[in-house]
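What follows is one structure encoded as structure tokens, with my remarks underneath.
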There are 2 protein chains.
Amino acid sequence: MEGQLDNLELELQVGVAKVRKYATSESGDTLELIERPLGGLSLVLADGQRSGRAAKLISNLVARKAISLLAEGVRDGAAARAAHDCLRAHRQGQVSAELHIVSLDLVSRTVVVSRNSHCPVLVFVDGALRVLDQVSQPIGLYAGTKPIISEFPVAANTWVVAYTDGVLEAGARFGASFDIAGLTTSFISDEQGSAPQLADAILARAVALDQKRPQDDMSVLVLALLPNQQVDQARRLVVRFPLPPL
Amino acid sequence: MEGQLDNLELELQVGVAKVRKYATSESGDTLELIERPLGGLSLVLADGQRSGRAAKLISNLVARKAISLLAEGVRDGAAARAAHDCLRAHRQGQVSAELHIVSLDLVSRTVVVSRNSHCPVLVFVDGALRVLDQVSQPIGLYAGTKPIISEFPVAANTWVVAYTDGVLEAGARFGASFDIAGLTTSFISDEQGSAPQLADAILARAVALDQKRPQDDMSVLVLALLPNQQVDQARRLVVRFPLPPL
């Protein structure tokens, strides 16, 4: 049985869903994706301090720096440190951002999670939940900030769920709280669907808890390694978003 | 009626589907995506000369250079020129690549197509086909190479279809040819589905024409601007691919 599982062909699924804070023109969260030159991919999720245009400029700067280094083969921890140094140098330590890097590294055959955020990351391996919530600093403020890094071997039925604080605190203004781990555990144990469907389900619940007016930018990132059920060997990428009106 | 169409809320849809050449370990095509700092997104599709690892190193270098500049707000034509200069300097003009950049630019409210490829790009605006097939040079070989750039205003029912030469030449080894424009025209006029579904349909037909053993790396990129039918304002990203076995 063990041997069978090891030989299973696996599929990577990534789903990201984002909305901006209610009544703002753009999200201050930035999500970027890059192929790792030695195999695999990295997802960078940055949440700039405050919201709107100011936050977007910050999260864009941070994500861009991390992505450009990861594209050159720089390791995740060094890319996170560089994004920190870059933001701190540009803004003299006055502005912060939260940063997640989630990578599938096909050289080490691991999933690597780097956190500079007060938001936990949820990891499910074969139904067992592990909450990555060690205290970590945001980037941009203090000398020597580094990420908290966790690594998991590539294995079937591994799920990683990361999100920004608009999701974490959904409902708080209305006296409710969001049991993200509970929703995720049910979704996975009931085999309700794919990584994109889980990202959508978490985002929809967060928006509902904020009574359809998100009180902050909200982003959800789900990465899953599942037994391959695709009929072909293709790699696929899909993007959808509504255009802002003129 | 005109006014109604102008006020329609639009949705961006992007679909990319790729397979590698039969019996190679990895595709020599690279597709990367980046958010434009002033609004919109850019897709970079690079096809490195030859196939396998050597081609991948080239297309990765080229795509990385273009993406990192686009992420900083550099215009598409300058990013393509820089990718060319960079490849030519690194490989002394001995190695070529083909390069497409397809952007949705929300500042100019246009779709921008930059070609350094012998593969045409198909553009459909409200059912009318335009084939972008002006002669353009690959990058990396000659001094002063520049892209052929075409620009289209953001408008409902605009489709852009780009692909690498493995798709263009699908079936050639078996005496068949692929009428990509015909398939695409039918798909769009029969309202058969979304941008990702069109990308999948083109790739599936190309693979079938090569008798399920792709004779070259194949990549298809479809970008569409359609009346928005999403129930929410979320931005979504999906990635799926099978992992290489151990």
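Only one residue in A:A128, A:A156, A:A143, A:A78 is of a type outside the set (S, T, Y), out of contact with any helix residue (DSSP H, G or I) (no Cβ under 9 Å at 6 or more places or on another chain) and more than 18 Å from A:L33 (Cβ to Cβ). Which one? Step through it out loud before you land on a result.
Details: A:A156 fails: out of contact with any helix residue (DSSP H, G or I) (no Cβ under 9 Å at 6 or more places or on another chain); A:A143 fails: out of contact with any helix residue (DSSP H, G or I) (no Cβ under 9 Å at 6 or more places or on another chain); A:A78 fails: out of contact with any helix residue (DSSP H, G or I) (no Cβ under 9 Å at 6 or more places or on another chain).
A:A128 is the lone residue from the list that is of a type outside the set (S, T, Y), out of contact with any helix residue (DSSP H, G or I) (no Cβ under 9 Å at 6 or more places or on another chain) and more than 18 Å from A:L33 (Cβ to Cβ).
So which residues in segment B:226-246 are within 7 Å of chain A (Cβ to nearest Cβ) and open to solvent by less than 40 Å² (accessible area, probe 1.4 Å), if there are any at all?
Within segment B:226-246, B:N228, B:A234, B:L237, B:V238, B:V239, B:F241, B:P242, B:L243 meet the criteria.
Mind counting the residues in segment A:224-246 that are among the β-branched types (V, I, T) and under 29 Å from B:V154 (Cβ atoms)? Walk me through how you get there before you give the answer.
Quick first cut of segment A:224-246, residues among the β-branched types (V, I, T) only: A:231, A:238-239.
Then drop every residue that is not under 29 Å from B:V154 (Cβ atoms), which leaves A:238-239.
Total meeting the criteria: 2.
Suppose we filter segment A:35-89 for residues that are part of a helix (DSSP H, G or I), surrounded by fewer than 19 Cβ atoms within 10 Å (Cβ to Cβ) and within 9 Å of chain B (Cβ to nearest Cβ); how many remain?
Residues of segment A:35-89 that are part of a helix (DSSP H, G or I), as a first pass: A:52-71, A:76-89.
After this cut, where a residue has to be surrounded by fewer than 19 Cβ atoms within 10 Å (Cβ to Cβ) as well, the list is A:52-54, A:57, A:77-78, A:82, A:85-86, A:89.
So of that shortlist, the ones also within 9 Å of chain B (Cβ to nearest Cβ) come out as A:57.
Going through segment A:35-89 one residue at a time, the tally reaches 1.
Output the residue which, of all residues in segment B:215-225 that are buried (at least 24 other Cβ atoms within 10 Å of the Cβ) and in a loop (DSSP other than H, G, I, E, B), is nearest to the chain's Cα centre (by Cα).
Among those that are buried (at least 24 other Cβ atoms within 10 Å of the Cβ) and in a loop (DSSP other than H, G, I, E, B), it is B:D217.
Quick check: is even one residue across segment A:9-28 away from chain B (no Cβ under 11 Å) and not in a loop (DSSP other than H, G, I, E, B)?
Among the residues of segment A:9-28, not one is away from chain B (no Cβ under 11 Å) and not in a loop (DSSP other than H, G, I, E, B), which makes the answer no.
Would you confirm whether or not segment B:193-208 contains a residue that is more than 8 Å from chain A (Cβ to nearest Cβ), among the basic types (K, R) and touching a residue at least 40 places away in the same chain (Cβ under 8 Å)?
No; the residues of segment B:193-208 include none that is more than 8 Å from chain A (Cβ to nearest Cβ), among the basic types (K, R) and touching a residue at least 40 places away in the same chain (Cβ under 8 Å).
For (1) buried (at least 20 other Cβ atoms within 10 Å of the Cβ); (2) touching a Pro at 6+ places or on another chain (Cβ under 8 Å); (3) on the phi > 0 side of the Ramachandran plot, each residue gets a yes or a no:
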site	(1), (2), (3)
A:V102	yes, no, no
A:E169	no, no, no
A:A176	no, no, no
A:G193	no, no, yes
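Which one is farthest from the other protein chains (Cβ to nearest Cβ) among residues in segment B:147-165 that are touching a Lys or Arg at 6+ places or on another chain (Cβ under 7 Å) and open to solvent by less than 50 Å² (accessible area, probe 1.4 Å)? Walk me through it before giving the result.
Our first condition is that a residue be touching a Lys or Arg at 6+ places or on another chain (Cβ under 7 Å); within segment B:147-165, this holds for B:147-148, B:153-154.
Filter again for open to solvent by less than 50 Å² (accessible area, probe 1.4 Å), leaving B:147-148, B:154.
Details: B:P147: 21, B:I148: 25, B:V154: 7 Å.
Restricting to residues being touching a Lys or Arg at 6+ places or on another chain (Cβ under 7 Å) and open to solvent by less than 50 Å² (accessible area, probe 1.4 Å), the top hit is B:I148.
The values are calculated or read from the model by the stated rules, or taken from the named source; none is laboratory data. Everything numeric here is computed off the predicted structure, so don't read it as measured data. Don't worry about glycine lacking a Cβ; one is built from the backbone with ideal geometry, like all the others, and counts go over all protein chains shown. Side chains are part of the model used for accessible areas, which takes the heavy atoms of the whole protein and leaves out ligands, DNA and RNA. Shrake-Rupley method; radii C 1.70, N 1.55, O 1.52, S 1.80 Å.
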